[in-house]
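Novice: Once you've had a glance at the structure underneath, I'll fire off some questions.
The values are calculated or read from the model by the stated rules, or taken from the named source; none is laboratory data. The shown structure was predicted, so the numbers you read here are calculated from the model rather than taken from an experiment. Note: ideal-geometry Cβ built from the backbone for every residue, glycine included; neighbour counts use all protein chains shown.
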Amino acid sequence: MLDDIWVDDAVTALRPDFAVLAMTARGLRNGPTDDRSRAWLAEAAEAARPARTDRIDAWKDAYRAFGAKPQRTRPSVDALTRRLPLPEINLVVDAYNSVSVKHALPIGGEDLDRYSGPARLVRATGDEESEEALGRPEPGEVIWRDDAGVTCRRWNWRQVARTRLTEDTTNAIFLLERLEPMTLEELKEAGEELADLLTRLTPEVRISSRLLSGGK
């Protein structure tokens, strides 16, 4: 899966500073929120500092670049940090949401077994299959998709239900998306932190990662 993920040149032309750290976690044991993940969420909420609004502002600019209005459809990390205290979903979602807020970094987490073909980040033609609740993407909109259709609209605004992480998920993919001023080193550190939390949940989990940057 990781070797086949790609980012279209039209996306990197829009934001040459874009990079994504793709991670797979196989053999997870998920479950309902517990005291561990609740503590991670609380710690992340404490770490959410106004000084990192520049990272969120970069995503708002990226949304405007393909015609979206970030005040109406907010980048995922912007929407999440406005929901403090953070929502409790399940162990794995709590883990990546806590890392997302702590680092002001959009992260998508999805059930790998519900994918059809590889993930790819493209600019939409407007005729991609999408769930009714999300609607079809607009031409030129940045979307994540697989062979079956849209998996996330407006770059990281909202994911489809089809690939949602549930308590039954055992194999997951995470997409950690970076724009400047966040550095690639800081992106890797966030990935290491997520891997650590997932390993605490499932010591035998098998984690692999791949950094895509500059259209590669």
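Novice: Could you please find all residues in region 155-175 being crowded, with 24+ Cβ neighbours inside 10 Å and within 20 Å of Phe66 (Cβ to Cβ)?
Specialist: Once the filter is applied, which keeps residues that are crowded, with 24+ Cβ neighbours inside 10 Å and within 20 Å of Phe66 (Cβ to Cβ), region 155-175 yields Trp155, Asn156.
Novice: Could you list all residues from region 20-53 that are hydrophobic (A, V, I, L, M, F, W, C) and surrounded by fewer than 16 Cβ atoms within 10 Å (Cβ to Cβ)? Reasoning before the result, please.
Specialist: Narrowing region 20-53 to residues hydrophobic (A, V, I, L, M, F, W, C): 20-23, 25, 28, 39-42, 44-45, 47-48, 51.
Across region 20-53, the qualifying residues are Ala39, Ala42, Ala47, Ala51.
Novice: Regarding region 77-94, can at least one residue be identified that is modelled with pLDDT under 95, small (Gly, Ala, Ser) and under 30 Å from Glu192 (Cα atoms)?
Specialist: yes
Novice: For region 178-216, enumerate the residues that are surrounded by 13 or more Cβ atoms within 10 Å (Cβ to Cβ), modelled with pLDDT under 95 and either more than 20 Å from Phe18 (Cα to Cα) or over 16 Å from the mean Cα position of the chain (by Cα) (or both).
Specialist: The one that is surrounded by 13 or more Cβ atoms within 10 Å (Cβ to Cβ), modelled with pLDDT under 95 and either more than 20 Å from Phe18 (Cα to Cα) or over 16 Å from the mean Cα position of the chain (by Cα) (or both): Gly215.
Novice: Let me ask you something else. Test Thr24 against the criterion of being in contact (Cβ under 8 Å) with a residue 40 or more places away in the chain, out of contact with any Pro (no Cβ under 6 Å at 6 or more places or on another chain) and β-branched (Val, Ile, Thr), and give yes or no.
Specialist: Considered against the rule, which asks whether it is in contact (Cβ under 8 Å) with a residue 40 or more places away in the chain, out of contact with any Pro (no Cβ under 6 Å at 6 or more places or on another chain) and β-branched (Val, Ile, Thr), Thr24 comes out as yes.
Novice: Taking Gly149 and the conditions (1) surrounded by fewer than 21 Cβ atoms within 10 Å (Cβ to Cβ); (2) of a type outside the set (Asp, Glu); (3) touching an Asp or Glu at 6+ places or on another chain (Cβ under 7 Å); (4) touching a residue at least 60 places away in the same chain (Cβ under 8 Å), which numbered condition does it fall short on, given that it satisfies the others?
Specialist: Exception for Gly149: condition (4).
Novice: Anything in region 88-116 that is within 28 Å of Glu138 (Cβ to Cβ) and either assigned to a loop (DSSP other than H, G, I, E, B) or without any contact (Cβ under 8 Å) to a residue 24 or more places away in the chain (or both)? List them, or say none.
Specialist: Residues satisfying the conditions are Ala104, Leu105, Pro106, Tyr115, Ser116.
Novice: Of all residues in region 54-76 being without any contact (Cβ under 8 Å) to a residue 40 or more places away in the chain and surrounded by 14 or more Cβ atoms within 10 Å (Cβ to Cβ), which is nearest to Thr183 (Cα to Cα)?
Specialist: Asp57
Novice: Then there's this: Filter region 25-58 for residues that are in contact with a helix residue (DSSP H, G or I) (Cβ under 6 Å, 6 or more places away or on another chain) and not hydrophobic (A, V, I, L, M, F, W, C); which is nearest to Leu184 (Cα to Cα)?
Specialist: Here the answer is Ser37.
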